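K.L.:
Let me give you the structure first, and then I'll get to my questions.
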Amino acid sequence: MDQHSLEALNASAFKHKGIYFDSTITSPEIIDAIENMKIRDSDVFLVTYPKSGTIWTQQILSLIFNEGHRNGTENIDNLERVPWIEYNMRNYDFNSRPSPRLFTTHFPYYLMPRDLKFRMGKIIYVYRNPKDVLVSYYHFYKLNSRVKYTITWETFLDLYMSGRVLGGSWFDHLRGWYTHQEDFSILFMTYEEMKKDLRSAVLKISKFVDINLDEKAVDIVVKKATFKNMKEDPLANYKFIPNDILDQSKGLFVRKGIVGDWKNMMTVAQCEMFDKIYTEKMGDLPMKIVWDLNEEI
């Protein structure tokens, strides 16, 4: 891919401290200021690489923490319930928010607020197998109204593998968080385990954030947090995002949500290339990546 094409593709992005960000909804100054964000012991941060189950886990957290979402008495969308710290599109005053505060971010570990390294606040890190992330991210990029360049699958594969997409490198993101987990109070969850046994995932998250739900409440969370129901929930599905940011006439922000969709996109040669790079970058880490739900989790 030539430099002109790359610049056209990332016309609305800037690179800061090794990561690409959307320049229309954040700035280097905003990102740097987050380092000094004051953390409360009750804060919970949802951390993901893009297209790894972020919106889905926002829904789970919103339902766990908010009875009004569970019983339908409050009409507050999840962008307000679990706002982004680096993409604060609605200009929330985080300091005035009541506890417990929920936040979302795609940050690598080294851009997080410094207070978190003193084990104040909790982090839920959700990761997904990188081939499905690649496919989902490719479809997402085609919805981005600020991208004025027609993206081919081959071009996007190259950008993704080299980390030249919003959020940077999947490999660096997961490796960084995994190898620095001792610095934080953190729970690692996989997208695939959430797909396979949502109830167990809800109970695991609830226990981690010290919220004891009764059986009826757990049943409601699990029902409303299924991928199908989340996709149809107007508080959760991000259809409220303006068209000048995401053109959802071209496709849905929340798409299939399946495991193994990479098999429908990647050629044998692309898979072999991907597997080689994955082994080089991640092969030394003792972590399980589930490529298909037929595998044992």
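The values are calculated or read from the model by the stated rules, or taken from the named source; none is laboratory data. Source: prediction; values computed, not measured. Positions of Cβ are generated from backbone atoms using ideal geometry, with glycine treated the same way; all protein chains shown enter the neighbour counts. Side chains included, ligands, DNA and RNA excluded: accessible areas come from the protein's heavy atoms. Shrake-Rupley method; radii C 1.70, N 1.55, O 1.52, S 1.80 Å.
K.L.:
Criterion first (open to solvent by 10 Å² or more (accessible area, probe 1.4 Å), part of a helix (DSSP H, G or I) and either modelled with pLDDT under 95 or not small (Gly, Ala, Ser) (or both)) does PHE171 satisfy it?
P.N.:
The answer is no for PHE171.
K.L.:
Pick from region 218-235 the residues that are free of Cβ contacts under 8 Å to residues at least 24 places away in the same chain and closer than 20 Å to LEU79 by Cβ: which of them is least open to solvent (accessible area, probe 1.4 Å)?
P.N.:
It comes out as ASN229.
K.L.:
The conditions are (1) buried (at least 18 other Cβ atoms within 10 Å of the Cβ); (2) within 14 Å of the chain's Cα centre (by Cα), and LYS195 fails exactly one of them. Which is it?
P.N.:
(2)
K.L.:
Shifting gears a bit: Looking at region 180-214 only, could you name the residues that are among the β-branched types (Val, Ile, Thr), part of a strand (DSSP E or B) and closer than 19 Å to ILE55 by Cβ? First the steps, then the outcome.
P.N.:
Of the residues in region 180-214, the ones among the β-branched types (Val, Ile, Thr) are 186, 190, 202, 205, 209, 211.
Still in the running and part of a strand (DSSP E or B): 186, 190.
THR190 - this is the single residue of region 180-214 that is among the β-branched types (Val, Ile, Thr), part of a strand (DSSP E or B) and closer than 19 Å to ILE55 by Cβ.
Residue-wise test of (1) more than 30 Å from GLY260 (Cα to Cα); (2) among the aliphatic types (A, V, I, L, M); (3) out of contact with any Leu (no Cβ under 7 Å at 6 or more places or on another chain).
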position	(1), (2), (3)
ASN36	yes, no, yes
ILE39	yes, yes, no
ASP43	yes, no, yes
GLY53	no, no, yes
GLN59	no, no, yes
HIS69	yes, no, no
GLU80	yes, no, yes
ASN88	yes, no, yes
SER99	yes, no, yes
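K.L.:
For region 204-217, how many residues are of a type outside the set (Lys, Arg) and surrounded by fewer than 16 Cβ atoms within 10 Å (Cβ to Cβ)?
P.N.:
The total comes to 5.
K.L.:
When only residues in region 63-119 that are among the aliphatic types (A, V, I, L, M) and within 29 Å of ASP214 (Cα to Cα) count, which is most open to solvent (accessible area, probe 1.4 Å)?
P.N.:
Ranking the qualifying residues of region 63-119, first place goes to ILE76.
K.L.:
Here is a further query. Of the numbered conditions (1) at pLDDT below 95; (2) touching a helix residue (DSSP H, G or I) at 6+ places or on another chain (Cβ under 9 Å); (3) more than 14 Å from GLU192 (Cα to Cα), LYS281 satisfies every one except a single condition; which is it?
P.N.:
All conditions pass for LYS281, except number (1).
K.L.:
While we're here: Name every residue in region 122-153 that is modelled with pLDDT of 85 or more, assigned to a loop (DSSP other than H, G, I, E, B) and touching a helix residue (DSSP H, G or I) at 6+ places or on another chain (Cβ under 9 Å), in order of residue number.
P.N.:
Answer for region 122-153, where residues must be modelled with pLDDT of 85 or more, assigned to a loop (DSSP other than H, G, I, E, B) and touching a helix residue (DSSP H, G or I) at 6+ places or on another chain (Cβ under 9 Å): ARG128, ASN129.
K.L.:
Continuing with the same structure: Which residue pairs have Cβ atoms under 7 Å apart, sit 6 or more places apart or on different chains, and have a first residue in region 72-90 that is over 23 Å from ILE220 (Cα atoms) and a second that is β-branched (Val, Ile, Thr) and assigned to a loop (DSSP other than H, G, I, E, B)?
P.N.:
GLU86/THR26; TYR87/ILE25; TYR87/THR26; MET89/ILE25
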